[in-house]
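Structure first, then comments.
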Amino acid sequence: MRNGFEFNGKNTTDFKRVTVRTKDRPVFPQVKEFTVSADETDGEYDFTDVSGHEYFNTRKFQIDFNIGADSTEELNKKLTAISRWFKGKGTLIFNDMPFAKWNVRVMDSVSYTPEHDGRKAVLSVTYKAEPFSELIFDALNGPCLDTDISLDTEIPIGQDEYLTLNGSGTYKNIPNIGDVHVKPIITVTGAKSPFTISNNGKSITVNYTGDIVIDCEKEIVYSGNTSLMTDISGDFFELVPGLDNTITVTGGGVVQINYTPKFLYDVDFDNMKWSE
């Protein structure tokens, strides 16, 4: 499959006489298995999804660069420029998957095979990627005005309405438009102590009056530059895929739920569920 990609803001199409071929791009990550084999029993005990959902290993993208030049000197200059660009870690976006970004790093050694008397080289690179892609924008703020998204997609105008909770109460069908569980960032304006927010059996309480940020991904709670970790109790929670999220708020305030949707492979706008 011949197609380029963007890495840390620079695209392979920016290089002259360079084409890219994807050798291997796994569509599904490998499931992490947690098993125990006991004596005098058949088979094994499988605890892979004992926490309520599966976890996954990182995946590898294998890519070849076909680089042409008029001389070996020019070829080595191109190899140097390209290797400087893609080294280390960063964000990768395939040109044929423009709305999905991958957090990757170059792994293993990078080597090339000379061809055509040194005027052409095939440079082989392996990227180690996180298990899931991420949408290029977050769920609360939505796409920028210049994002090239078809007008007939399922993304609603003003999707922040679906993720803004006004005051104490129980709110059903809070959407996670991605394919997998996500840990949200919860911003509360005007909370009253004790403030409690819960979802699907887990809750966290903050003994603080004022503005609060509850970051379930990093598992920290703060107000401005002040840590509130000594003022909390309970458990940070996830949003399950789809609309099976029921959030209960006590302690008032305006609550905004934000996250970056994650996908098994590519972004599918047509199957995003915002409401029933």
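The values are calculated or read from the model by the stated rules, or taken from the named source; none is laboratory data. No experiment lies behind these values; they were computed from the predicted model shown. FYI the Cβ positions are ideal-geometry reconstructions off the backbone, even for glycines, and counts take in every protein chain you see.
Identify, from the list SER198, SER168, the residue that is polar (S, T, N, Q) and surrounded by fewer than 18 Cβ atoms within 10 Å (Cβ to Cβ).
Within the list SER198, SER168, the selection yields SER168.
Of the residues in segment 214-224, not one is within 18 Å of ILE247 (Cβ to Cβ), touching a Cys at 6+ places or on another chain (Cβ under 7 Å), assigned by TED's automatic domain parsing to the domain that holds ILE257 and surrounded by fewer than 16 Cβ atoms within 10 Å (Cβ to Cβ).
Being out of contact with any Phe, Trp or Tyr (no Cβ under 6 Å at 6 or more places or on another chain), among the small types (Gly, Ala, Ser) and not in a loop (DSSP other than H, G, I, E, B) is a condition met by at least one residue of segment 161-174.
Which of the residues belonging to segment 175-200 are under 24 Å from the mean Cα position of the chain (by Cα), part of a strand (DSSP E or B) and polar (S, T, N, Q)? Within segment 175-200, ASN176, THR187, SER198, ASN199 qualify.
Of all the residues that make up segment 237-252, how many are in a loop (DSSP other than H, G, I, E, B) and under 11 Å from THR196 (Cα atoms)? Reasoning before the result, please.
Step one: of segment 237-252, the residues in a loop (DSSP other than H, G, I, E, B) are 237-238, 240-241, 243-246, 251-252.
Going one step further and asking which of them are under 11 Å from THR196 (Cα atoms), we end up with 251-252.
Residues meeting the conditions: 2.
When we screen GLU115, GLU130, GLU134 for residues that are without any contact (Cβ under 8 Å) to a residue 40 or more places away in the chain and either surrounded by 15 or more Cβ atoms within 10 Å (Cβ to Cβ) or over 29 Å from GLU54 (Cβ atoms) (or both), the only hit is GLU115.
Scan the strands (runs of 3 or more DSSP E) fully inside segment 55-133 and keep the ones with 1 or more residues being within 30 Å of PHE269 (Cα to Cα) and small (Gly, Ala, Ser).
Numbers: elements: 59-68, 89-94, 100-115, 120-129.
Output list reads 89-94, 100-115, 120-129.
Scan segment 213-230 for residues that are among the acidic types (Asp, Glu) and assigned to a strand (DSSP E or B) and jot them down.
Of segment 213-230, the ones among the acidic types (Asp, Glu) are 215, 217, 219.
Selection gives ASP215 alone.
So that you can scan it fast, the table gives a plain yes or no per residue for (1) surrounded by 15 or more Cβ atoms within 10 Å (Cβ to Cβ); (2) within 27 Å of VAL240 (Cβ to Cβ); (3) aliphatic (A, V, I, L, M):
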| residue | (1), (2), (3) |
| --- | --- |
| THR12 | yes, no, no |
| ARG17 | no, no, no |
| ASP49 | no, yes, no |
| GLY52 | no, yes, no |
| ASP70 | no, no, no |
| LEU75 | yes, no, yes |
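Of the candidates ASP244, ASP231, the single residue that is more than 15 Å from ILE185 (Cβ to Cβ) and crowded, with 16+ Cβ neighbours inside 10 Å is ASP231. Taking segment 19-47 as the range and being at pLDDT below 80 and either surrounded by 13 or more Cβ atoms within 10 Å (Cβ to Cβ) or aromatic (Phe, Trp, Tyr) (or both) as the test, the residues that pass are PHE34, TYR45, PHE47.
Note on segment 156-178: among residues that are β-branched (Val, Ile, Thr) and touching a residue at least 40 places away in the same chain (Cβ under 8 Å), the one that is farthest from PHE269 (Cα to Cα) is THR170. Determine which member of the set SER203, SER233 is touching a residue at least 40 places away in the same chain (Cβ under 8 Å) and either assigned to a strand (DSSP E or B) or of a type in the set (Gly, Ala, Ser) (or both). Just one listed residue meets the conditions, SER203.
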